[in-house]
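Participant: I'd like to ask you about the structure that follows.
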Amino acid sequence: MSFPRRVEAVVFDMDGLLLDTEIVYRAAMIEAGVVFGVHFTGETYAAMVGKTTPECGVMLRDLYGEAFPVQAYFERVWADVEDLLAAETKLKAGVIEILDYLDDLGLPRGIATSNGMVAVEKYLGRFDLLQRFNAVVAHQDVTKHKPNPDPYLLAAQRLGVDPAHCLALEDSHPGVRAAHAAGMMTIMVPDILDPNEEMHDKCVHIADSLHHVLDLLRASVEEVAA
C-alpha cells in the first residue's frame, strides 16, 4: 500500500515545500553575517531550518555571544529577503499539479508553517494560491511550534479530519518530527536538509519532489479502487 491508512486531507509546510524560499533565506543570512562581522555558514543555516525566528536568535547568541545584535541582524536579513523575493519568488515544482489533483479528489488541504500569517498572505498571494487551502496555521496561531505537534494538530482540527487520516508534507527535520508526533502519515520532500535515519523511521515515504508525492497519491487511489 502507498499509505497505511486512507488519506482524507493533506497538510503542507510552506517554506522549502511550497515555495523555493530556503535558498533565499540562507543567502540573506550569510550576507548579513558578513555585514555584522561574523562567519555565518550554510551549515549554521541548516541547523536553523524549521525553527522559529526567536529560536534562531538564541542560536545566534550562543554562537556569537550575548552581545550579538540579533534584532538588527534580522532586520538586515528580512530587508534583503524582501528584495530577493520581490524580484523572483518561485513555486516548488509540482505545487499546482498536486493542488489540482486534490481538487479532483475533493480532498481538503491546509498549511502548517512556522512563518507568520503576513508572510503566508504575501508570498502565496503572489500566486493566487491562498484560497486553495481550507485552513492555515501560522506562527501566531500556536504557542508551541515545530517540532511540537501543535501546528499539525490545530490544522487537522480546522480541517475537521482525524490526524491519523491526514497526510503531512514536510522538508525539514523539525517539521517531520512535529507531523509524526501529531500522528499524521508524513512524507519528507527534502530541500536544504537531507533525510537521516530518524527521518526514514518517522516518514511513510521520502519523496524527491511533489511530483513524486502526486504519483504516490494516484497509486493509493488506484489501490483503493481496485
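The values are calculated or read from the model by the stated rules, or taken from the named source; none is laboratory data. All figures in this text were calculated on a predicted structure; none of them were measured in a lab. Here the Cβ is made from the backbone with ideal geometry for all residues, glycine too, and neighbour counts use every protein chain on show. Ligands, DNA and RNA are excluded from the accessible area calculation, which covers all protein heavy atoms including side chains. Shrake-Rupley method; radii C 1.70, N 1.55, O 1.52, S 1.80 Å.
Participant: How far apart, in nm, are two points set 7 Å out from the Cα along the Cα-to-Cβ line at E97 and at V221?
Facilitator: My value for the distance between the label points is 1.4 nm.
Participant: Starting at the first residue of the range 161-172, write each ³J(HN,Hα) from the Karplus equation 6.51 cos²θ - 1.76 cosθ + 1.60 with θ = phi - 60°, in whole Hz, x for Gly and Pro.
Facilitator: Result, rounded to whole Hz: 10, 4, x, 5, 9, 9, 9, 9, 10, 9, 10, 10.
Participant: Match the structure shown to one of the listed values (i) 8, 29, 32, 13, 5, 5, 4, 3, 1, 0; (ii) 8, 34, 36, 17, 5, 1, 0; (iii) 8, 34, 40, 17, 1 of P(r) over Cα pairs in 10 Å bins from 0, in percent, computed from it, and give that label.
Facilitator: The calculated read-out lines up with (ii).
Participant: Compare A168, A79, A178 in a GNM of the chain, Cα atoms joined below 10 Å, and give the one with the largest fluctuation.
Facilitator: A79
Participant: What number comes out for accessible area per residue over the range 138-204 if the probe is 1.4 Å? Units Å², please.
Facilitator: Values: 2640 Å² over 67 residues.
About 39 Å² of surface per residue is accessible.
Participant: Report, by chain and number, residues whose modeled amide H sits under 5 Å from the one on T41, excluding near sequence neighbours (fewer than 5 apart, same chain).
Facilitator: Those qualifying (amide H under 5 Å, at least 5 residues apart or on another chain) number zero.
Participant: Rounded to the nearest percent, how much of the accessible area of the chain (1.4 Å probe, protein heavy atoms only) is carbon and sulfur? Write down the numbers at each step before the final one.
Facilitator: Details: 5200 of 10130 Å².
That fraction is 51 percent.
Participant: While we're looking at this one, here's another question. Only bridges with both residues in the range 1-158 count here: give the DSSP antiparallel percent, nearest 5.
Facilitator: About 10 percent, rounded to the nearest 5.
Participant: With every protein chain present, what accessible area does D83 have (1.4 Å probe, heavy atoms only), rounded to the nearest 10 Å²?
Facilitator: Here the residue's solvent-accessible area equals roughly 110 Å².
Participant: Using θ = phi - 60° and the Karplus relation 6.51 cos²θ - 1.76 cosθ + 1.60, list the HN-Hα couplings for the range 52-57 in order, rounded to whole Hz, with x at every Gly or Pro.
Facilitator: 7, 4, x, 5, 5, x
Participant: Continuing with the same structure: Under 5 Å between amide hydrogens, which residues at least 5 positions from G16 or on another chain qualify, with H placed 1.01 Å from N in the peptide plane?
Facilitator: Hits under the 5 Å cutoff: T21, E22.
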